[in-house]
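*Asks:* My questions all concern the structure below.
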Amino acid sequence: MYEKLLSIVRKMPFLSGDTPFAQLIRTYIVGGFNLVFGLFLAYVFQFIVLNTIEIPLRTYLTNIFGFSIGVIVSYFISRKIIFKLSIRRGNLKEFINFSITNLINLIVPLFIWYLIDRFKPSIQENELQFLAATVIIHGTILPLKYLIYKFFVFKDSLNN
């Protein structure tokens, strides 16, 4: 079943090709995976692991812990799926650039959560509203990250 699905995907030029459009589509696919993974981590930290910590500190810690785990997973997935690069050939400089770029995913949401805490703190306490806000916040950042990945983070690896 998995092999058949993989075979079908490989035949789709808009998914398997090396055009910027194919890479952008794969960025959204990887972004979707990262979002689901991040939502899972956010839920686990916000409502299970850190539930004894008061809001808004709990939300800030949730974002920091989720970011730390997510950036490591995302680096390897982005190399392999978006840009079709070897997982083993990455280097520390590239990973640091990737991590710095992904600070966008930490700083922007923390700032937005700060604003939410100032104007509508109840969003942080409601599971569905918390997850919906997280999806909206991270979904708006994705196209900018793709451009930074392509022209800054993975530039050297793509040119080799």
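*Asks:* Tally up the residues in region 44-79 that are charged (D, E, K, R) and surrounded by fewer than 16 Cβ atoms within 10 Å (Cβ to Cβ), please.
*Replies:* Counting residues in region 44-79 that are charged (D, E, K, R) and surrounded by fewer than 16 Cβ atoms within 10 Å (Cβ to Cβ) gives 1.
*Asks:* Please determine, by comparing only the residues of region 26-55 that are assigned to a helix (DSSP H, G or I) and of a type in the set (Ser, Thr, Tyr), which one is farthest from the chain's Cα centre (by Cα).
*Replies:* Restricting to residues being assigned to a helix (DSSP H, G or I) and of a type in the set (Ser, Thr, Tyr), the top hit is Tyr43.
*Asks:* Within region 116-137, track down each residue that is more than 16 Å from Asn51 (Cα to Cα), surrounded by 11 or more Cβ atoms within 10 Å (Cβ to Cβ), without any contact (Cβ under 8 Å) to a residue 12 or more places away in the chain and not small (Gly, Ala, Ser).
*Replies:* If the condition is that a residue be more than 16 Å from Asn51 (Cα to Cα), surrounded by 11 or more Cβ atoms within 10 Å (Cβ to Cβ), without any contact (Cβ under 8 Å) to a residue 12 or more places away in the chain and not small (Gly, Ala, Ser), then Lys120, Gln129 are the ones that fit.
*Asks:* Here is a further query. Go through region 60-75 and give me each residue that's touching a residue at least 12 places away in the same chain (Cβ under 8 Å) and more than 26 Å from Arg118 (Cβ to Cβ).
*Replies:* If the condition is that a residue be touching a residue at least 12 places away in the same chain (Cβ under 8 Å) and more than 26 Å from Arg118 (Cβ to Cβ), then Ile69, Val71, Val73, Ser74, Tyr75 are the ones that fit.
*Asks:* Please verify whether Ile82 is at pLDDT below 90 and either over 26 Å from Gln124 (Cα atoms) or touching a Pro at 6+ places or on another chain (Cβ under 9 Å) (or both), treating the condition exactly as stated.
*Replies:* Criteria met by Ile82.
*Asks:* Which condition from (1) surrounded by 13 or more Cβ atoms within 10 Å (Cβ to Cβ); (2) in a helix (DSSP H, G or I) is the one that Lys84 breaks?
*Replies:* For Lys84, the failing item is (2).
The values are calculated or read from the model by the stated rules, or taken from the named source; none is laboratory data. Because the structure is a prediction, the values reported are computed rather than measured. Methodologically, a virtual Cβ is constructed for each residue, glycine included, from the backbone with ideal geometry; neighbour enumeration extends over all protein chains shown.
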